[in-house]
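Novice: Before we start, here is the structure in question, set down as structure tokens.
The values are calculated or read from the model by the stated rules, or taken from the named source; none is laboratory data. Just so it is clear, the model here is predicted, and its values are computed rather than measured. For neighbour counting, all protein chains shown are included, and Cβ atoms are generated from backbone atoms with ideal geometry for every residue, glycine included.
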Amino acid sequence: MLEPDLLASFVAVAETGGFTEAAGRVHRTQSAVSMQIKRLEERLGRSLFVRSSRGATLTPAGELLLPHARAILRAQREALALFEAEAMRGRVVVGAPDDYAATFLPASLARFADTHPRVEVELVVAPSAELVPALERPDGPDLALVTGGSGERSAVILRREPLVWVAADRHGIVARDPLPLALFHPGCAFRRAALEALARAGRRYRIAYTSVSLAGVVAAVRSGFAVGVMLRASLPPGLEVLGAAEGLPELPSMAIALVRAEGRANPVAEALARHLAATLAASSTLAAA
């Protein structure tokens, strides 16, 4: 038998690319996760990961196991949900920045509503830097989806997504000097990463447009008077990705993290946290250490 706990740790390591981040996702210590992977490798008689100072990558045997492990865990969750979710009731408040709320949450929250029909979900849309301290207030969100590095003390990184330069289809604007930019609000990690990359590259720029919303940035970029920065997963139709060919520096990947309010006993919030961790990680287009 392949124990679900072992498979859960295996999938977590495969999707995060490292034992430390996987430990946070499955709520175990790093050493416990390492022991679980060792037990699974002994059970199968195959090495599942190649370990290095940069993290852990799947071996051919690990790649073969991964889709089956995901299917087993999904079937287990669905079976449990049949008996647990219908009976669960209550209210949960989840926070997210505007672009995460528009990109990652709709499908995930819709599935949660299907499996937990008696739960009321309230969504609070605010920048990551505002959501993290809000979690400490008694009237703040129960959990929040934020950009890693926004001041959180502890978080579970669910996935990483590449940050990209974007422009309208006709993007002669990229040749302008200084480069006009449409960015999210001051304090946003995306804005900070873009400006730091331009500074390192010695590229002059000017802030032409600032918005707290994804729709605002998209509107400015789509109009053709500025270059924007957003997650590749948030890229809407009508915009295209720019890069080295257009003389723009490489941008980093951003960690999307789940942060919980500490000291609150809310089973509904825990259920939503598990759901978000499972659905967002499963749909990830990039899982890197």
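Novice: Test Ser47 against the stated conditions and say whether it is in contact (Cβ under 8 Å) with a residue 12 or more places away in the chain, over 25 Å from Ala273 (Cα atoms) and polar (S, T, N, Q).
Specialist: Yes.
Novice: Could you list, in sequence order, all residues of the stretch 1-27 that are charged (D, E, K, R) and buried (at least 19 other Cβ atoms within 10 Å of the Cβ)?
Specialist: Once the filter is applied, which keeps residues that are charged (D, E, K, R) and buried (at least 19 other Cβ atoms within 10 Å of the Cβ), the stretch 1-27 yields Glu15, Glu21, Arg25.
Novice: When you scan the stretch 191-199, do you find a residue that is part of a strand (DSSP E or B), more than 28 Å from Glu21 (Cβ to Cβ) and among the aliphatic types (A, V, I, L, M), even just one?
Specialist: So far as the stretch 191-199 goes, no, none of its residues is part of a strand (DSSP E or B), more than 28 Å from Glu21 (Cβ to Cβ) and among the aliphatic types (A, V, I, L, M).
Novice: Only one of (1) farther than 21 Å from Leu2 by Cβ; (2) surrounded by fewer than 18 Cβ atoms within 10 Å (Cβ to Cβ); (3) under 21 Å from the mean Cα position of the chain (by Cα) fails for Pro117. Which number is that?
Specialist: In the conditions (1) farther than 21 Å from Leu2 by Cβ; (2) surrounded by fewer than 18 Cβ atoms within 10 Å (Cβ to Cβ); (3) under 21 Å from the mean Cα position of the chain (by Cα), Pro117 misses (3) alone.
Novice: Which of the following residues is within 30 Å of Gly18 (Cα to Cα), surrounded by fewer than 20 Cβ atoms within 10 Å (Cβ to Cβ) and in the same structural domain as Ala96 (by TED's automatic domain parsing): Gly238, Gly202, Gly243?
Specialist: One residue alone meets the criteria, Gly243.
Novice: Just give me the residues in the stretch 222-238 being in contact with a Ser or Thr (Cβ under 6 Å, 6 or more places away or on another chain) and either in a strand (DSSP E or B) or of a type outside the set (A, V, I, L, M) (or both), in sequence order.
Specialist: Ser234 - this is the single residue of the stretch 222-238 that is in contact with a Ser or Thr (Cβ under 6 Å, 6 or more places away or on another chain) and either in a strand (DSSP E or B) or of a type outside the set (A, V, I, L, M) (or both).
Novice: Any idea which residue in the stretch 246-282 is surrounded by the most Cβ atoms within 10 Å (Cβ to Cβ), counting only those that are touching a Gly at 6+ places or on another chain (Cβ under 8 Å) and part of a helix (DSSP H, G or I)?
Specialist: Only one residue fits best here, namely Val268.
Novice: Also, I was wondering about something else. On the basis of being loosely packed, with under 15 Cβ neighbours inside 10 Å and more than 19 Å from the chain's Cα centre (by Cα), does Gln36 make the cut?
Specialist: Judged against the criteria, Gln36 is not a match.
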